[in-house]
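Report on the structure given below.
What follows draws every value from the coordinates through simple rules; no lab data is involved. From a predicted model like this one, the values you see are computed outputs, not experimental measurements. Glycine also receives a Cβ, built like all others from the backbone with ideal geometry; neighbour counts cover every protein chain displayed.
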Amino acid sequence: MKNQKGFSLIELLIVVVIIGIIAAIAIPNLLASRRAANEASAISGLRMLTGAEATYQSTVGNGQFAPDFAALQTEGLVDSVFAGGTKSGYAFSINRVLGTTTNPPLFNAEANPTQFGGIAATGTRSFYSNEVGVLYADTTDVANIAAWGVTATVRVPTIGGPLTN
């Protein structure tokens, strides 16, 4: 009888198969957790952006909303990362409609995943907000703010629905 030391090939293959099974279970959960964290960050970012726009309007905007992220950053209402327009796998955009003597000032803000769908998805929902402060979500990759169906007179998006949490 020989003095055997170490593992046999079969034992090593069994260990590799067990590690593969554990990875197959864990990796999808990890990706889902990352997408959920990105979506939570996007929701938080839109809430912060809505507050920043309201602060800008009531302080330095003379009743008008900020035209872009740079104006909000100049006033210290958003940080440099957020002012870049992309954060935590979401691309943010804003636009404003100047108020007149007959029409109030308006703004629209949205957050879309930088990668929608697939294994590398950064999110599965797009988000929208405006001066009213209600956040809306839709499970499609919304192309732009106009695709939400909002106008100067219709301030409720025609797609998606309000967040209830």
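If you take the charge dipole of the chain about its Cα centre, with +1 on Lys and Arg Cβ and -1 on Asp and Glu Cβ, which of Ser88, Pro28, Ala137 is farthest toward its positive end?
Result: Pro28, furthest along the dipole toward the positive end.
Suppose R0 equals 30 Å. What FRET efficiency, 1/(1 + (r/R0)^6) with r the Cβ-Cβ distance, do Ala143 and Asn62 give to the nearest 0.05?
0.40
Taking the Cα centre as origin and putting +1 on Lys and Arg beta-carbons and -1 on Asp and Glu beta-carbons, what dipole magnitude results for the chain, to the nearest 20 debye?
Here the size comes out at about 600 debye.
Among (i) 58; (ii) 49; (iii) 29, which is the computed percent of Cα pairs over 23 Å apart?
Answer by label: (ii).
Across the range 76-81, in residue order, what do the Karplus-derived ³J(HN,Hα) couplings come to in whole Hz, using 6.51 cos²θ - 1.76 cosθ + 1.60 with θ = phi - 60° and x for Gly and Pro?
x, 8, 9, 7, 5, 5
Considering the zone a paramagnetic label at Thr153 would reach in this model (a point 7 Å from Cα along the Cα-to-Cβ line), which residues of the range 96-133 have amide N under 16 Å from it?
Flagged as within label range: 102-104.
Report the gain in length on full extension from Ala70 to Ala40: 0.36 nm times residue separation, minus Cα-Cα distance, nm rounded to one decimal.
My answer for the length gained is 8.4 nm.
Of all chymotrypsin sites (Phe, Trp or Tyr not before Pro) in the range 1-92, which ones are in loop regions per DSSP and have a Cβ with at most 16 other Cβ atoms within 10 Å?
Phe7
Within a Cβ distance under 14 Å of Thr114, other residues only, what is the Lys/Arg minus Asp/Glu net charge?
It works out to a net charge of +1.
DSSP loop trypsin sites (Lys or Arg not before Pro) in the range 79-165 with at most 16 other Cβ atoms within 10 Å of their Cβ, which ones?
Counting only loop positions with at most 16 other Cβ atoms within 10 Å, the trypsin sites (Lys or Arg not before Pro) in the range 79-165 are Arg155.
Points 7 angstrom from Cα along the Cβ direction at Ser33 and Gln115: gap in nanometres?
Result: 1.8 nm between the two label points.
What do you get for the angle between helix 9-58 and the principal long axis of the chain? Use alpha-carbon atoms, 0 to 90 degrees, nearest ten.
It is inclined by approximately 10 degrees.
Just to verify a number: FRET efficiency for Val134 and Leu98, C-beta to C-beta distance, R0 = 22 Å, to 0.05?
After rounding to 0.05, the efficiency reads 0.50.
What is the chain's relative contact order, in percent, from Cα pairs under 8 angstrom and six or more apart in sequence?
17
Hey, in the GNM for the chain with a 10 angstrom Cα cutoff, which one of Ala24, Ala71, Ala54 fluctuates hardest?
Ala24
Take the chain, connect every pair of alpha-carbon atoms lying under 10 Å apart with a spring to form a Gaussian network, then pick out the residue of Pro28, Pro67, Pro105 with the largest mean-square fluctuation.
So, out of Pro28, Pro67, Pro105, the one fluctuating most is Pro28.
Using a 10 angstrom cutoff on alpha carbons, build the Gaussian network for the chain and name the most mobile of Val78, Val60, Val17.
Val17
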